[in-house]
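Okay, so here's the structure we're looking at.
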Amino acid sequence: MAQWPLIELDLHQFYGIDTADGCLDARSWRWLAHRITGLFTIEHSRLRVKFYPSKQQQAPARRGHR
């Protein structure tokens, strides 16, 4: 999964889930899918910003215009 680093950081920041401690072994895929889906509802999650950047982030930087 190419976006796993973003997901891992967001899970820790927003849900307090440290994936390195093996906690996911005791959880179902459904449980994880709901948490990941929930990250898209958090305005400043890395995952949401990656897939749904704000209009300001999408606009190319203007240089040399006065």
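Things to note:
- Near pairs, Cβ below 9 angstrom, 6+ apart or cross-chain, from segment 43-66 (in a helix (DSSP H, G or I)) to any residue that is modelled with pLDDT under 85 and not acidic (D, E): V49/Q57
- Single unsatisfied condition, R30 versus (1) assigned to a loop (DSSP other than H, G, I, E, B); (2) at pLDDT 95 or above: (1)
- Filtered residues of segment 27-42 (kept if charged (D, E, K, R) and touching a residue at least 12 places away in the same chain (Cβ under 8 Å)): R35
- Residues of segment 4-23 that turn out to be surrounded by 14 or more Cβ atoms within 10 Å (Cβ to Cβ) and either within 17 Å of T41 (Cβ to Cβ) or in contact (Cβ under 8 Å) with a residue 40 or more places away in the chain (or both), as a count: 8
The values are calculated or read from the model by the stated rules, or taken from the named source; none is laboratory data. Quick caveat, the model's predicted, so the values are computed rather than measured. Note: ideal-geometry Cβ built from the backbone for every residue, glycine included; neighbour counts use all protein chains shown.
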